[in-house]
Amino acid sequence: MDKVKVLSKWVSMFGMRVPITLEEKGVKYEYQEEDLAPNKSDLLLQMNSVYKKIPVLIHNGQPICESLIILQYIDEAWDYKQLLPINPYDRALARFWADFIDKKFFDSGFRIVWSKDKVEEGKRDMLENLQFLEGALKEMSAGGSLPFFGGKDFGFLDIAFIPFACWFHIYETIGNFKIPFDSEYPLLDAWVKRCLERDSVKKVLPSPDRALEHILQLRERYMVG
């Protein structure tokens with residue numbers, strides 16, 4: 001029997017990816033919640049001595065770190081239900097947009113939530129980044145006729161992006177703006193609703209209100225002035 005353990009934080013969009021992937025693959029796992037500031041567990045520090053952060057997948061005693069690398073590892077380690085596309089170009093495209101999400105999209109949200117003087121810039125960039133992702137979804141879903149970034153199947157890129165859905169409420173509340181999903185990003189709007197109906201996603205994603213309350217508490221604790 002494989003022994004699989006996940007070290008993560010419930011509110012982390014990167015951390016959410018790992019249990020969603022394991023749920024989709026039908027892999028049984030143990031989950032360990034990490035208190036990251038400042039009480040990182042000895043196991044986390046041992047298993048990710050380089051970055052000392054979540055998520056970490058421990059498979060039969062061997063650690064795999066960084067969420068997108070973990071997703072690709074899980075896809076290769078367990079054959080059931082391929083998450084990355086078979087076609088090399090489609091596979092590269094999925095990896096490109098996942099990298100875009102981790103760099104460009106995440107950065108715009110980070111500025112909204114955690115900066116004091118770059119909130120407006122973050123909001124502007126987030127709306128632009130959502131437009132890019134709307135276009136990517138249109139291309140990868142045959143103009144919206146297929147349900148997911150992975151085409152007819154919920155896959156790698158869908159898992160990479162859907163955890164951000166419970167952060168949209170955080171961005172809007174802290175940034176004091178409204179993301180116009182219905183008018184400007186209708187494909188993404190329908191995609192989010194579709195993904196939220198999946199058992200794997202419902203099991204892992206926290207409610208937007210719970211996530212917002214937690215982040216507001218962190219801001220009050222760590223943002224001074």
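The values are calculated or read from the model by the stated rules, or taken from the named source; none is laboratory data. All of these numbers come straight from a predicted model, not from anything done at the bench. Virtual Cβ from ideal backbone geometry, glycine too; neighbours counted across all protein chains shown.
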TODO: Hey, can you tell me all the residues within segment 79-119 that are among the hydroxyl-bearing types (Ser, Thr, Tyr) and over 24 Å from Leu22 (Cβ atoms)?
DONE: Tyr89, Ser108, Ser115
- [ ] Could you pull out the residue among Leu45, Leu36 that is outside the structural domain of Lys103 (by TED's automatic domain parsing) and part of a helix (DSSP H, G or I)?
- [x] Leu45
Open item on the list: Only one of Gln72, Gln62 is more than 23 Å from Pro206 (Cβ to Cβ) and in contact (Cβ under 8 Å) with a residue 40 or more places away in the chain. Can you tell me which?
Closed with: Gln72
Task: Among the residues listed as Pro85, Pro63, the single one being farther than 28 Å from Gln131 by Cα and in contact with a helix residue (DSSP H, G or I) (Cβ under 6 Å, 6 or more places away or on another chain) - done: Pro63
- [ ] Assess whether Asp125 counts as being crowded, with 19+ Cβ neighbours inside 10 Å, in a helix (DSSP H, G or I), in the same structural domain as Cys195 (by TED's automatic domain parsing) and within 19 Å of the chain's Cα centre (by Cα).
- [x] no
Task: Of residues in segment 135-160 being over 16 Å from Pro85 (Cα atoms) and touching a residue at least 40 places away in the same chain (Cβ under 8 Å), the one surrounded by the fewest Cβ atoms within 10 Å (Cβ to Cβ) - done: Gly144
TODO: Go through segment 184-225 and give me each residue that's small (Gly, Ala, Ser), without any contact (Cβ under 8 Å) to a residue 60 or more places away in the chain and either loosely packed, with under 15 Cβ neighbours inside 10 Å or more than 27 Å from Phe154 (Cα to Cα) (or both).
DONE: Ser207
Task: Answer residue from segment 74-89, given it is surrounded by 18 or more Cβ atoms within 10 Å (Cβ to Cβ) and of a type outside the set (A, V, I, L, M, F, W, C) and is modelled with the lowest pLDDT among those - done: Pro85
TODO: Inspect all residues belonging to segment 40-49 and state whether any of them is surrounded by fewer than 17 Cβ atoms within 10 Å (Cβ to Cβ) and either in contact (Cβ under 8 Å) with a residue 24 or more places away in the chain or under 14 Å from the mean Cα position of the chain (by Cα) (or both).
DONE: yes
Task: Lone qualifier among Leu137, Leu68, Leu84 - being outside any helix (DSSP H, G or I) and under 17 Å from the mean Cα position of the chain (by Cα) - done: Leu84
